[in-house]
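Rule-based calculations on the coordinates, nothing more; no lab input. Keep in mind that what you see is a predicted model, and the values were worked out from it rather than measured. Glycine gets a Cβ as well: all are built from the backbone with ideal geometry, and neighbour counts include every protein chain shown.
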Amino acid sequence: MRTRPFMPFVGIVSAALFLTACGSGGTDTSAVTVRSGEVPTTDVVSGEKKDDAAAGLLPAGTTRLTVAISVGGTPPGTTYLSDGTTLTGQDVDFTKAVAKVLGIRLKVEQASFEAILPALDSGKYDFGASNFGVTDERRRTIDFVTYVNDGQGFATRKDSKLTKITDLRQLCGLNVATGAGTTFEATLEENKHVCTDAGKKAYQVQTYSEQSAIWSSVQQGRSDIVMSTINGLRYAVAHQPGLKFLNEYHRLDVGFAFKKGTGLAPAFRAAVNRLLADGTYAKILKKWGTTGSAITKSRISPPELKDQADHRA
């Protein structure tokens, strides 16, 4: 983990020199560098202005906040530009934009995805911004402010005979790769019994902390299929040969994550709604090719989506 001083988010940097993402296309993606044009660099945030009405909803005296971000995902998730220092991604852009609307400065800390949510309750971070899906389980201990809708999906190698996954029993006997500490891991572990209940061999859940390791496992045949974010899978398939996107499995709202009972949520909701109203929101989604993940309004800790038709509510 690296800690940066308080600063406007436009200055976020890190010392790492390689992306842990699947942007260049070979079978070995353990250290994939970003080549020119692979990750969008359009500035869609710097022109955003402070909104006094939204800022007025912050707890008194709030001028600086600490945000935790997990780095190493597949774009549109957080990764690095080709300079090896500048963080970029959809979550980064939304966090920068909200900070501008609220007129606050941010202290940025990098942490593993699975470590962020447990650390919010201790006050180590004021909020997390790493494509956190809003689930009923998480809502018991975490408050969320939604800003996009993404969800769970599947991808595999092009030569695989696997097709659309509508029932986890289709995974019986397979090795399923996914991210550690994610909703995907939770969904898979909670439902392993569907195979044994049907008299079939259970699927094996293979968890990785880095997206690069997931794709290496699939490309090299150690895993049969990947369960991950819909947007991340689509990006990976578009930028890495030999892969195919199977289908969306379950839609989820995605939000900034806070300690339960936070006083920051109303201000963040107002800030996201401001971005929706002034057009910056649409520009961010267009930049990252995720317009299908648009919401019409931000909400605080909404119930988990149970029907894909609800995903724009």
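Its Cα centre serving as origin, segment 152-251 has a Cβ charge dipole (Lys and Arg +1, Asp and Glu -1) of approximately 360 debye. Amide H of ARG299: which non-local residues (sequence gap of 5 or more, or other chain) have their own amide H closer than 5 Å, using H built in the peptide plane? Result for ARG299 returns THR146.
Simple rule: put +1 on each Lys or Arg Cβ and -1 on each Asp or Glu Cβ in the chain, find the dipole, and look at ASN273, SER212, THR86; the Cα lying farthest toward the positive end is ASN273. Beta-bridge orientation, the chain: approximately 65 percent antiparallel, per DSSP, counting only bridges with both partners inside.
Which one, THR183, THR280, THR42, has the greatest fluctuation when you compute a Gaussian network model over the chain with C-alpha springs under 10 angstrom? Among THR183, THR280, THR42, the largest GNM mean-square fluctuation belongs to THR42. Between SER70 and ALA111, ALA129, the built amide H atoms are under 5 Å apart, and every one of these is 5 or more places off in sequence or on another chain.
Annotation: the residues ASP143, ASP159, sorted from fewest to most other C-beta atoms within 10 Å of their own C-beta, follow the order ASP159, ASP143. Rounded to the nearest 20 debye, the dipole size of segment 93-238 about its Cα centre is 400 debye, using +1 on the Cβ of Lys and Arg and -1 on the Cβ of Asp and Glu.
At full extension, THR62 and THR166 could sit 32.9 nm farther apart than now, given 0.36 nm per residue minus the alpha carbon distance. Sorting 80-91, 162-173, 288-299 by average packing, meaning the other beta carbons within 10 Å per residue, from highest down gives 80-91, 288-299, 162-173. What you get for the chain, charging only the Cβ of Lys and Arg (+1) and of Asp and Glu (-1), is a dipole of about 300 debye around the Cα centre. Sorting the segments 63-72, 195-204 by their mean number of nearby beta carbons within 10 angstrom, highest to lowest, gives 63-72, 195-204. Here segment 135-170 and segment 241-313 have alpha carbon centers that stand 14 Å from each other.
Take ARG157, project a point 7 Å from its Cα along the Cβ direction, then tell me which residues of segment 220-245 have their backbone nitrogen under 19 Å from it. Label zone hits: 220-228, 236-245.
Shown for segment 177-313: lysine pairs separated by 8 or more places, or found on different chains, whose C-alpha atoms are under 24 Å apart, numbering 12. Could you tell me what percent of the DSSP beta bridges with both partners in segment 152-251 are antiparallel, to the nearest 5? That works out to approximately 60 percent antiparallel.
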